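Data first, discussion second: the structure below is written as structure tokens.
Quick note: the coordinates plus some simple rules give every number you see, no bench work behind them. For clarity, every value in this text was computed on a predicted model and none was experimentally measured. Every residue, glycine among them, receives a Cβ derived from its backbone with ideal geometry; neighbour counts consider all protein chains shown.
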Amino acid sequence: MSFPHLLEPLDLGFTQLKNRVLMGSMHTGLEEEKGGFEKLAAFYKERALGGVGLIVTGGISPNLRGRLAPNACQLSFPWQVKKHTKVTQAVHEAGGKICMQLLHAGRYGYHPFSSAPSKIKSPITPFTPSAMSARQVNGTIKDYASSAALAKKAGYDGVEVMGSEGYLINQFISSRTNKRDDKWGGEFKNRAQFPIEIVKSIREKVGKDFIIIFRLSMLDLVDNGSTWEEVVQLAKWLEQAGVTIINTGIGWHEARVPTISTSVPRGAFAWVTERLKQEMSIPLVATNRINTPEIAEHIISSGQADMVSMARPFLADADFVNKAAANTPELINTCIGCNQACLDHTFALKRATCLVNPRACYETELNFTPAQTKKRIAVMGAGPAGMAFSIYAATRGHEVVLFEAKSEVGGQFNLARKIPGKEEFDETIRYFLNQIKLHKVELRLNTRLDASVVRDEKFDEIVMSSGVKPRAIDLPGFDNPKVVDYQKVLNGEVSIGKKVALIGAGGIGFDIAHYLCESESSTLDLNRWLKQWGIDKDYKEAGGLTAPVPEEKHREVYLLQRKTTKIGKGLGKTTGWIHRTVLKQHQVMTKVGVSYDRFDEQGLHISVDGKAEVLDVDNVILCAGQVSNTELVDEMKSTGLPVHLIGGVDVAAELDAKRAIRQGAELAITL
């Protein structure tokens, strides 16, 4: 066994967990869909079958005011128990254990009925909460206990009390948001009474043989957050109040420090759990950016934590634990921390899923059953779309031959993985390659597919996933060797000077700007990354913040766009602010409403608001989108066989691996 500490059982006294893996809380959107709990049951059942030691559901409110949104899920009445029973029965039938997370949004509630310790609006929601009366505080404590009792009745093995990320309990704990002058406010002991009384009330209601996890904010990452001494003291009080396990919470949602995105180093916050572990006698769980069994094993074996929490990795691969136990970690579909299909969907009120695993949360709808008629299929292009289709089609029993004109698979992922902070894309390419071997897809590198091959080898259908090529711009001087496209830059085909202008400020433009400004990725150097974002491992200040250490500037970069809208407006909802902040850290200069005139020995001639200016730059890099690579589409159609277009060759929008991989999966089901 290569991961003995990760797979070791954990004895909680009244019950035992089969390993040290906790599937962290994620809101999927199924909770609110019609018939969603049947789908949710299938979702959790697959993860239980996949070997997870303990599952925690998405947040369920204990009352109406605590809902995250007007239609969000709550558990307050006996008639609501039945749908939860579908989930617990499914998990228990699969040999798993599951806890329900109790989450009161407080001032993060996205509705006008939100309430909080004080009438202080959050910077990330449009509504100002009402200040809770003393009667409402006591009533909310009772609601937590009643909801926990209903959870027990529904068959849950325990509850997790969400006391971090800036939600209601965190709002009571912190002087930043608690300005009360009654017994629930003022000095820390008073502010801490709210979570303590919640735990005591729950324990009294549910008895001894019921898991209570408390998600404790160990590092607020906001000004006027908790001090380290307060974190330790609260943890000890919670242990005395009857908590079984303490889970780690990192950062409030309003914090301006990334905590789970792909640019965050793996296991970046295990050090804070390790620090608290020295003070406690109950099990502690480390969280955030733990996405491989190797990093999880290290965290537990080195004594940083007793368990590890992984949430999105179980969207990416339901069988994560089983594959680790079988000593085949190379077969794990690794979470790349992109947020594009999970958190971005959640905040857009869509069903969550996963970029690298489109089956996530679609377990009852997207299944690759054996094909009734086995076909021989030619696939052109081994980018994300082509590889995904090939694997899923082969899973169904089709004979698949995957043609790639270049010497390696990956397509646009081979470019993406070169951007600082996007090294995780390596893992997806590794996963696809191993799946290609596992499912016996015939891979032909350095081979272009043409009509004669299709005819000679007697294929039944053709799938084209030939991707995209950069959009060219026809302006005076743009045929100069100093004007290049982004692909040539990332492929190392050109030498770039110290002064650069980027045309196009979409995702590609942001990535190239970051690539040019950061000579070495800070994601691969934890201490450097912590300094870059102002995170203090010594915890001298409340909230764990310190002054960021700016990166050394070694290039002058302009990021330009034709539109007059805000730079980066179209970036991911949960990660766009990170990209904008990184460019600000590197002092990238931005301009909107730009008209491009020409390039010559003076530099790039542009106009902004009708005023002409010249940017003295060594190079111009074209990041103005891409067009479909349809060069061979007509030739393939001339064969008379069915031709299917997926990925960039179908729609050359902003590079969209999420759509490409899903298209590949959905097509594989239909053939």
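Points to keep in mind about this one:
- Trypsin sites (Lys or Arg not before Pro) restricted to DSSP loop in the stretch 170-240 with at most 14 other C-beta within 10 Å: Lys179, Lys183, Lys208
- Per-residue extension of 0.36 nm, minus the Cα-Cα distance of His92 and Asp538, leaves a gain of 156.3 nm for this segment.
- Counting only residues at least eight positions apart within a chain, or on another chain, the aspartates and glutamates with an alpha carbon under 20 Å from that of Lys323 are Glu8, Glu46, Glu294, Glu297, Glu363, Glu424, Asp426, Glu427.
- Restricting the stretch 319-413 to GluC sites (Glu not before Pro) that sit in a DSSP loop and have at most 15 other Cβ atoms within 10 Å of their own Cβ leaves Glu365, Glu408.
- Label sites at Ser175 and Glu38, each approximated as a point 7 angstrom past Cα along Cα to Cβ, lie 5.4 nm apart.
- Dipole in debye (nearest 20) - the chain, about Cα centre, beta carbon charges: Lys, Arg +1; Asp, Glu -1: 1960
- One chain, two ends: Glu442 and Thr565. Fully extended at 0.36 nm per residue, the span grows by 39.6 nm beyond their Cα-Cα distance.
- Using alpha-carbon coordinates, inclination of helix 576-585 to the longest axis of the chain, degrees: 80
- 34 Å tail of the calculated P(r), the chain, as % of Cα pairs: 49
- Across the stretch 229-260, no residue has a backbone nitrogen under 16 Å from the label position 7 Å along the beta-carbon direction of Glu274.
- Of Leu12, His111, Leu49, farthest towards positive along the dipole that unit charges on Lys, Arg, Asp, Glu beta carbons give the chain: His111
- Per residue, the chain reaches -9000 deg cm²/dmol at 222 nm when only DSSP H runs of four or more residues are counted, each adding -39500 (n - 2.57).
- Label-point separation, Lys553 to Glu408 (7 Å along Cα→Cβ), nm: 3.3
- FRET efficiency for the Val81 to Ile124 pair, using the beta carbon distance and R₀ = 22 Å, is estimated at 0.10.
- For Gln74, the residues whose amide H sits under 5 Å from its own are Ser61, ignoring neighbours fewer than 5 places away on the same chain, with H placed 1.01 Å from N.
- For the stretch 153-166, Karplus couplings with θ = phi - 60° (6.51, -1.76, 1.60), whole Hz, Gly/Pro x: 5, 6, x, 5, 7, x, 10, 10, 8, 7, x, 9, 6, x
- Restricting the stretch 495-604 to GluC sites (Glu not before Pro) that sit in a DSSP loop and have at most 14 other Cβ atoms within 10 Å of their own Cβ leaves Glu520, Glu552, Glu601.
- Looking at the chain, the DSSP beta bridges with both ends there are about 20 percent antiparallel.
- Take the Cβ atoms of Asn491 and Asn138, set R0 to 51 Å, and the FRET efficiency comes out at 0.20.
- Separation between Cα centres of the stretch 234-248 and the stretch 401-464, rounded to whole Å: 50
- Positive-pole candidate from Asn367, Asn414, Phe478, dipole of the stretch 358-483, charges at beta carbon: Asn414
- Dipole orientation for the stretch 10-347: of the candidates Ala318, Asn333, Gly166, Gly166 has the Cα lying most toward the positive pole (charges on Cβ; Lys, Arg +1; Asp, Glu -1).
- Compared with the dominant Cα axis of the chain, that is its longest principal axis, helix 384-395 is turned about 70°.
- Residues in the stretch 37-51 carry Karplus couplings, in order, of 6, 5, 5, 5, 4, 5, 4, 6, 4, 4, 6, 5, 4, x, x Hz; the curve used is 6.51 cos²θ - 1.76 cosθ + 1.60 with θ = phi - 60°, and Gly or Pro positions show x.
- Taking the C-alpha atoms only, the angle from helix 657-670 to the longest principal axis of the chain is near 80 degrees.
- Among the listed pairs Lys422/Lys469; Lys45/Lys374; Lys39/Lys350; Lys499/Lys591; Lys458/Lys488, those beyond 25 Å (Cα-Cα): Lys45/Lys374; Lys458/Lys488
- Hydrodynamic radius of the stretch 10-347 by the Kirkwood approach over all distinct alpha-carbon pairs: 19.8 Å.
- Inter-site label distance for Glu613 and Asp474 at 7 Å from Cα along Cβ, in nm: 3.0
- Taking other C-beta atoms within 10 angstrom as a stand-in for reagent exposure, Met280, Met636, Met589 fall in the order Met589, Met280, Met636, fewest first.
- Counting neighbouring beta carbons within 10 Å and listing from fewest to most, the residues Val159, Val441, Val483, Val549 come out as Val549, Val483, Val441, Val159.
- Scalar couplings 3J(HN,Hα) for the stretch 617-632, obtained by applying the Karplus form with A = 6.51, B = -1.76, C = 1.60 to θ = phi - 60°, are 10, 7, 9, 10, 10, 7, 10, 8, x, 8, 10, 5, 8, 9, 3, 10 Hz; x denotes Gly and Pro.
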